[in-house]
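Every read-out reported here was derived from the displayed coordinates using simple, explicitly stated rules and does not represent laboratory data. None of these values were measured; they are calculated from a predicted model. All Cβ positions, even for glycine, are placed from backbone atoms using ideal geometry, and neighbour counts span all protein chains on display.
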2 protein chains.
Amino acid sequence: MENFNFYSPTYFIFGKGRENEVGEWINRFGGSKVLVHYGGSSAVKSGLLDRVKASLKKNNIDFIELGGVKPNPRSGLVYKGIEICKREGIDFLLAVGGGSVIDSAKAIAAGALYDGDFWDFYCGKEVEKALPVGTILTLAAAGSEGSDGSVITHENGMLKRSAAGDALRPTFSIMNPELTFTVSPYQTACGITDMMAHVMERYFTNTKEVEVTDRLCEGLLVAIINEAPKVLARPDDYNARANIMWAGTIAHNDICGVGREQDWATHKMEHELSGLYDVAHGAGLAVMFPAWMKYVMQHDVMRFAQFAVRVWGCEMDFQHPENTAKKGIEKFEQFLVSIGMPIRFEQLGAKPEDIPILVKNMQLGDRTLGNFVKLTEEDITKIYELAV
Amino acid sequence: MENFNFYSPTYFIFGKGRENEVGEWINRFGGSKVLVHYGGSSAVKSGLLDRVKASLKKNNIDFIELGGVKPNPRSGLVYKGIEICKREGIDFLLAVGGGSVIDSAKAIAAGALYDGDFWDFYCGKEVEKALPVGTILTLAAAGSEGSDGSVITHENGMLKRSAAGDALRPTFSIMNPELTFTVSPYQTACGITDMMAHVMERYFTNTKEVEVTDRLCEGLLVAIINEAPKVLARPDDYNARANIMWAGTIAHNDICGVGREQDWATHKMEHELSGLYDVAHGAGLAVMFPAWMKYVMQHDVMRFAQFAVRVWGCEMDFQHPENTAKKGIEKFEQFLVSIGMPIRFEQLGAKPEDIPILVKNMQLGDRTLGNFVKLTEEDITKIYELAV
């Protein structure tokens, strides 16, 4: 097991009606002037924003609203948010939405306490401080409500990049599964794919003998696989929505990743896809993850066999472990299809002829991508081709 | 799934040599005058305490030492520690040891900021504030390094009682598995039993449909069961020790308990045993848990069958699920024996004729104990008798 630090200080407030407590929680964590950040009209139409504002008013908390966050959140709104924070003396960010809104709020929170261009943090500069961010989650997917990361797309070139740091972990996250009842089947499935990918980026590792983390990963994946058809069959199944929502958090607060090398090549390959075509991150992952698996399987057949047996319930072929390994990838692809995900480039609207652009945008140079197998530009090209 | 709050803000610093960073971490978390709290001579003899003091000095941190914590930590030393904290203006507690030392430090930390008798917190008063506590863990067992709880035995009547509150969660915990290489096989097995019990107190619940938490519990138990024989066979197996150590933390920071009713009857029954006889907590749990299981199994046979199949690898007897349920309890008892744990009263030095005293000390009155099955004094008497 490798040395590690694990830090997940977010206060999670989970369950029915908990969004009505938001004012009390902001008070508890010292916020007095709040930027309420949200996305499109759904938070308004559903009445959620009104309930949030009522709780803020009840607790005498001053606030300013900034809506309009888009999926694959953009730099433009971040710059606007930073300007508001600096001008108005904002001391707390409240993100009401899914991963895009939270990631945008995190970017604003970091930028508000920084004199330079916030984009520096998305080009590798460490985030040392940020305004506190609270969240009210409305989409189970990205895990940003408990993670130290944020992903933003810069409108100059549509580059999708990530920043990370303990200062970006939310102060609190309010999670009411009922708020996800109205999420469409497609977006629900994208979220499920995203959280599974977060576990799998950590599961495929060269570090041996980390039994605890292995078992937590496998248990979490099995739980997601079992709950997925329930939320798709009955969108208002509270318990199934609750399981999926909490799974999304655990999948990405790093409890499933400690003590070993992680991969993250597939996420990076997907970021180029959704950066270029503005497709849903989960859908892009559904296309890229099986392709990556097929390409790297030979690197550790027994790892993939373990994945097949423990996660997908395949029977072990002791004479031909490779058959079991392949079976696991097949089962994963079948699962993705069953929840309505694309698994090929064309279903995504991506074009094979753009592959060189995708690879180039990665700006890898002489470096390699990922850890399970260190991928060169040639490898990455072949993986994109496998996804066609 | 029930509504819940989950909060585990402790910064975990895990791996080889990490104890040498302790001064930096205390600085980072604002400690300037530290009470270094520890147990017997092993921390001195091993050189650990010297390394700790060297790190404190290097970081210009003023400190006072208070050793002498015993297993099943006593109120006397807590009073002494509180007196020192108040007199010397201590602003940070550093616990160097296992659960007993950490629990004693937590009691001191709460008492130092309280005008009344610290024992109030162990009689039900909420802990609202406490000095920050950092830990250097030397025993994988109690999970106190990441939990909100503390258990102290009052010398007046040898009553063993617990306190809880977010303020008692350690600020940081340094965990170097190498520090557990010298833990005896018996104490190692006691620790393993304790952490398994922490998971099982959460696993046996009447709350349905909490798939994520179920799978995490099962995965964690399987990991512990697989790693246990390795640490006993080879005490310096770093990876096995690391898995066991981290499992002990996750078993009790409540990630395996969220969203549902928990039980805790067995812990309470054991506390009476170790309060009266001063036996190791884990050994007491090894005696009491199978007895509790046998007594309550009929309440939910399918739950115990699930435990047998998923945790112990039993084959499901679909015609007679009860046989599978029983098989799981048998396997658990066999496991306890295999790691050298007692499973009967007499192996513990406990006397059947004391059962009425054990029950009386619980001071239940008209209340019941536990949640999976709400136990009356009569039930508890029968469970103790099953353990004879």
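Legend: calculated FRET efficiency, B:Glu261 to A:Thr376, from the Cβ-Cβ distance at R0 = 51 Å, rounded to 0.05, equals 0.45.
If you add up the charges near B:Ala280, with Lys and Arg at +1 and Asp and Glu at -1, over every other residue whose beta carbon is less than 11 angstrom from its beta carbon, what do you get?
That works out to -3.
Nearest 10 degrees is fine. How inclined is helix A:377-386 to the longest principal axis of chain A, computing both from alpha carbons? Tilt of helix A:377-386: around 80 degrees. Fraction of C-alpha pairs exceeding 25 angstrom in the stretch B:11-179: 22 percent, rounded to a whole number. With the Kirkwood sum run over all distinct C-alpha pairs, chain B has a hydrodynamic radius of 21.2 Å. Highest mean packing first, where packing is the average number of other Cβ atoms within 10 Å per residue, the peptides B:209-215, A:97-103, B:352-358 line up as A:97-103, B:209-215, B:352-358. A viscosity of 1.002 mPa s and a temperature of 20 °C, combined with the Kirkwood radius over Cα pairs in Stokes-Einstein, give a translational diffusion coefficient for the stretch B:185-386 of 125 µm²/s.
The C-alpha atoms of chain A define a longest principal axis, and helix A:238-250 lies at about 80 degrees to it.
For B:Arg87, the shell of other residues with beta-carbons less than 12 Å away shows a net charge of +1, using +1 for Lys and Arg and -1 for Asp and Glu. For chain B, the longest principal axis of the C-alpha atoms and the axis of helix B:281-296 are separated by about 30°.
Within a 10 angstrom radius of each residue's Cβ in A:12-22, how many Cβ atoms of other chains show up on average? Whole number is fine.
Whole-number average of other-chain Cβ neighbours for A:12-22 is 3.
Counting, for every residue in A:248-260, the Cβ atoms of other protein chains within 10 Å of its Cβ and taking the mean gives 2. A simple packing score, the average count of other Cβ atoms within 10 Å per residue, orders the peptides A:113-119, A:285-291, B:110-116 as A:285-291, B:110-116, A:113-119, with the highest score first. Once a ≥ b ≥ c are taken as the square roots of the eigenvalues of the Cα gyration tensor of the stretch A:144-188, is the result rounded (a/c under 1.5), prolate (a/b larger than b/c) or oblate (a/b not larger than b/c)? Here the stretch A:144-188 falls in the oblate category. Our summary gives the stretch A:270-384 a relative contact order of 29 percent, counting only alpha carbon pairs under 8 angstrom and 6 or more residues apart.
Mean 1/r over all different Cα pairs, inverted: what Kirkwood radius does the protein assembly as shown give, in Å? Computed over Cα pairs of the protein assembly as shown, the Kirkwood hydrodynamic radius comes out at 27.3 Å.
In terms of packing, defined here as the mean over residues of other Cβ atoms within 10 angstrom, the peptides B:56-67, B:230-241, A:131-142 line up highest first as A:131-142, B:230-241, B:56-67. Decide, for the stretch B:96-215, between rounded, prolate and oblate: order the square roots of the alpha carbon gyration tensor eigenvalues as a ≥ b ≥ c, take rounded if a/c falls under 1.5, and otherwise choose prolate if a/b is larger than b/c, else oblate. Taking the square roots of the gyration eigenvalues as a ≥ b ≥ c, the stretch B:96-215 is oblate. For chain A, the relative contact order is 16 percent, taking Cα pairs closer than 8 Å that sit 6 or more residues apart in sequence and dividing their mean separation by the residue count.
Once you list every other residue whose beta carbon is under 13 Å from the beta carbon of B:Pro71, what net charge do they have if Lys and Arg are +1 and Asp and Glu are -1?
Charge balance near B:Pro71 sits at 0.
For the pair A:Asn60 and B:Asp62, label points projected 7 Å from Cα toward Cβ lie 3.8 nm apart.
The modelled label-to-label distance between B:Arg87 and A:Asn3, using points 7 Å beyond Cα along the C-beta direction, is 3.8 nm.
In this calculation the C-beta distance from A:Ser46 to B:Asn206 is compared with R0 = 35 Å, giving a FRET efficiency of 0.60.
Distances between copies of A:Glu353, taken at a point 7 Å out from Cα along the Cα→Cβ vector and listed shortest first: 9.6 nm.
What the Cβ-Cβ distance of B:Asp278 and A:Phe29 gives, at R0 = 30 Å and to the nearest 0.05, is a FRET efficiency of 0.10. Normalising the average separation of contacting C-alpha pairs (under 8 angstrom, six or more residues apart) by the number of residues puts the relative contact order of the stretch B:11-179 at 27 percent.
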